[in-house]
Amino acid sequence: VKGRDREVLEQCMERMAAGDPAFLFTFARHFAPHVANVVRRHLVEMGRRDVLADRDELDALVIDACDVIYGRAGGWQSHGALPWTWADRAIRSEVARAIGHRTVPSEADDERASERGPECSLGRDGIDLGLDDFGALARRHPVVALLADAVARAGSARDQRVFVEYRLQKELGDPSPSHVVGREFGLTPANVRQIDCRMRRKLAAIIAATPGYADLRDVRWIAA
Amino acid sequence: MTTDLDCTRLVERLAAHLATGSMRHPVAAAVAIACRGNAALDLRDFAIAVGVDVPSVAACEAGDVAFGDLPAPLVADHEGLDLLALADLDAFYASGRNA
């Protein structure tokens, strides 16, 4: 998104943050194709290709996703990721809420699972949790990789995922991260906050006891 | 980049939201808001652009003006909106109010 489109985007986000609903229409008219791509990707990942073929339902989900961005516009920063990338997790959560999670695994999923192995964790060798941003950062930045390594020692695979998702949502300015993450994992917001608290306590203890993690002692995720 | 997303549905969605309050003409308000969104202007600049005074535009967006009384210049750019379908929706809401 460059040039005049970028100007329109920043104007939309600024006006939506101020609560002007007219710019939800401006945003939808100009940027819905980008939002639709995000929605389609989540539908595919959720195994709901049937919804992709239903234009009405797809339109409704794209409108929902635009509304998600509208509701969170105040947290967006123009120097950061594009809004539909920034709000990716919240959009996914909304899509899941609207259509429900697929409960019957497909053959393709079974194949992928057998290639990946039986367990997902945040260790350096198994960082693919669908937490693409965190995983990509860990591959590029040694400190993030070290954090991933420490997180992998701090709790169950589910708790690791909840913790990372919750922390990412908070960093992205989501005003209600525990609700977004809770919907995705089928947990109450209070559960999510408890898991976060528990994980931070364990991480702090692990980091304090492990000289190799000294670089993590000032990481905001642990102290927050 | 523009889209063929059905913005009439977005108007319907906004009207439904506005109707949960005590707004008298939620569909008309949503249409007025959508038309300003088409112009990508804030309220004051939009009022100047369409030649309607600011309080009148504000009244339309506040749901104080009936669908049929919306100033023509205000809804001139209704691209992407199915005004006939929205007029039907307005009649539906009106029948609910009068019931």
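The values are calculated or read from the model by the stated rules, or taken from the named source; none is laboratory data. Because the structure is predicted, anything quoted here is derived from the model rather than measured. Heads up, the Cβs are rebuilt from the backbone with ideal geometry, glycines too, and the neighbour counts pull from every protein chain shown. Each accessible area value is taken on the protein alone, full model and side chains, heavy atoms only, with ligands, DNA and RNA left out. Shrake-Rupley method; radii C 1.70, N 1.55, O 1.52, S 1.80 Å.
Residues in segment B:71-92 that are of a type outside the set (Gly, Ala, Ser), open to solvent by less than 60 Å² (accessible area, probe 1.4 Å) and under 23 Å from B:LEU5 (Cβ atoms): 7 in all.
So which residues in segment A:1-19 are buried (at least 20 other Cβ atoms within 10 Å of the Cβ) and either closer than 16 Å to A:ALA81 by Cβ or out of contact with any helix residue (DSSP H, G or I) (no Cβ under 6 Å at 6 or more places or on another chain) (or both)? Once the filter is applied, which keeps residues that are buried (at least 20 other Cβ atoms within 10 Å of the Cβ) and either closer than 16 Å to A:ALA81 by Cβ or out of contact with any helix residue (DSSP H, G or I) (no Cβ under 6 Å at 6 or more places or on another chain) (or both), segment A:1-19 yields A:LEU9, A:CYS12, A:MET13. Charged (D, E, K, R), out of contact with any Pro (no Cβ under 6 Å at 6 or more places or on another chain) and modelled with pLDDT of 85 or more: is that true of A:ARG193 in this structure? In short, yes. Residues B:LEU10, B:LEU14: which one is out of contact with any Phe, Trp or Tyr (no Cβ under 7 Å at 6 or more places or on another chain), within 14 Å of another protein chain (Cβ to nearest Cβ) and closer than 28 Å to A:PHE31 by Cβ? Unique residue meeting the criteria: B:LEU14. Taking every residue in segment A:138-162 that is more than 26 Å from A:ARG183 (Cα to Cα) and of a type in the set (Lys, Arg) and pairing it with any residue that is at pLDDT 85 or above and buried (at least 19 other Cβ atoms within 10 Å of the Cβ), at least 6 positions away or on another chain, yields no pair with a Cβ-Cβ distance below 8 Å. Give the residue, chosen from A:SER106, A:SER156, A:SER121, A:SER114, that is of a type in the set (Ser, Thr, Tyr) and at pLDDT 80 or above. Of the residues listed, the single one that is of a type in the set (Ser, Thr, Tyr) and at pLDDT 80 or above is A:SER156.
All of A:ILE63, A:ILE69 fail the test of being within 14 Å of another protein chain (Cβ to nearest Cβ), under 16 Å from the mean Cα position of the chain (by Cα) and open to solvent by less than 60 Å² (accessible area, probe 1.4 Å), apart from A:ILE69. Tallying residues that are among the hydrophobic types (A, V, I, L, M, F, W, C) and more than 13 Å from A:MET16 (Cβ to Cβ) within segment A:68-83 yields 2. On the stretch given as segment A:8-57, residues that are free of Cβ contacts under 8 Å to residues at least 12 places away in the same chain, at the interface with another protein chain (Cβ under 10 Å from one of its Cβ atoms), assigned to a helix (DSSP H, G or I) and over 18 Å from A:ASP88 (Cα atoms) total 6. Consider segment A:213-222 and keep the residues that are without any contact (Cβ under 8 Å) to a residue 60 or more places away in the chain and over 21 Å from the mean Cα position of the chain (by Cα). The one that is most open to solvent (accessible area, probe 1.4 Å) is A:ASP218. Here is the figure for segment A:175-192: residues that are under 10 Å from the mean Cα position of the chain (by Cα) and either of a type in the set (S, T, N, Q) or outside any helix (DSSP H, G or I) (or both) total 0. Of everything in segment B:17-52 that is away from chain A (no Cβ under 11 Å) and of a type in the set (Lys, Arg), the residue that is least open to solvent (accessible area, probe 1.4 Å) is B:ARG24. Among residues that are small (Gly, Ala, Ser), open to solvent by 10 Å² or more (accessible area, probe 1.4 Å) and over 21 Å from A:SER93 (Cβ atoms), A:ALA157 is not included.
Considering only residues in segment B:1-58 that are acidic (Asp, Glu) and more than 21 Å from A:GLU14 (Cβ to Cβ), the one that is nearest to the chain's Cα centre (by Cα) turns out to be B:GLU12.
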